[in-house]
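Read through the structure below, which is laid out as structure tokens, and then see the notes.
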Amino acid sequence: VEAWGLEVFCQNSKGYSPVLTAVVMPKKSDGSYFDADAFRRTTLERFNMSLGTGLAKLAGWVFRIGHLGDFNDLSLLGTLAGVEMALQVSGVPIKQGGVQAAMNVLVNPS
């Protein structure tokens, strides 16, 4: 997520959840956030992948990536590839290479 230039909602990496990651959409030039719900719709319609919504106060500007259950390295990379493609299709400005960054960590864990 950080390789895309996006922010994980959890500010303390020690508090990261083992089952989901909440991602903050970037802000537009007018200070509003890119629409997380529109992005999630595009992701579902274009790539048949469902992402979680931001709940309560996070609705509309945060989306959630689930990674629980039978979720191995290949599942993770497929999910991240889907998210990266959907961000691009949706016109959300990101840095390229989030999937590659994840691959680098998986191949060479420190």
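Any read-out appearing in this document is the output of simple, stated calculations on the displayed coordinates, not a laboratory observation. Remember, predicted model here, so these are calculated numbers, not experimental data. Neighbour counts are summed over all protein chains in view; Cβ atoms, including those assigned to glycine, are modelled from backbone coordinates with ideal geometry.
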| Distant-in-sequence amide H partners of Leu20 (H built 1.01 Å from N, under 5 Å) | His67
| query | With Cβ to Cβ distances under 13 Å as the rule, what net charge do the other residues near Val8 carry (K, R +1; D, E -1)? | reply | 0
| query | According to the square roots a ≥ b ≥ c of the eigenvalues of the Cα gyration tensor, what is the shape class of region 1-78, taking rounded for a/c under 1.5, prolate for a/b larger than b/c otherwise, and oblate for the remainder? | reply | oblate
| task | Can you tell me the FRET efficiency between Val19 and Gln96 if r is taken as the Cβ-Cβ distance and R0 is 25 Å, rounded to the nearest 0.05? | result | 0.35
| remark: Taking Cα atoms, the helix 98-107 axis meets the longest principal axis of the chain at an angle in degrees (rounded to 10) of 20 degrees
| query | By how many nm would the segment from Leu76 to Cys10 lengthen if fully extended, with 0.36 nm per residue of separation less the alpha-carbon distance? | reply | 21.8 nm
| note | To the nearest 10 degrees, the tilt of helix 73-89 (Cα long axis) against the first principal axis of the alpha carbons of the chain is 30 degrees
| remark: Phi-derived 3J(HN,Hα) across region 27-34 with the Karplus relation (6.51, -1.76, 1.60, θ = phi - 60°), rounded Hz, x for Gly and Pro, is 8, 7, 5, 8, x, 7, 8, 4
| task | Starting at the first residue of region 13-21, write each ³J(HN,Hα) from the Karplus equation 6.51 cos²θ - 1.76 cosθ + 1.60 with θ = phi - 60°, in whole Hz, x for Gly and Pro. | result | 4, 5, x, 4, 7, x, 10, 7, 10
| request: Have a look at Gln11, Gln96, Gln88 and tell me which one the Gaussian network model of the chain (Cα, springs below 10 Å) gives the largest fluctuation. | output: Gln11
| What is the magnitude of the charge dipole of the chain about its Cα centre, with +1 placed on the Cβ of each Lys and Arg, -1 on the Cβ of each Asp and Glu, and no other charges, expressed in debye to the nearest 20? | 200 debye
| remark: What one gets for region 54-110 as the Kirkwood radius, inverse of mean 1/r over different Cα pairs in Å, is 12.9 Å
| query | With springs only between Cα atoms under 10 Å, which of Ser29, Ser17, Ser50 fluctuates most in a Gaussian network model of the chain? | reply | Ser29
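Could you work out the local net charge near Leu44, counting Lys and Arg as +1, Asp and Glu as -1, over the other residues with Cβ closer than 15 Å to its Cβ?
+1
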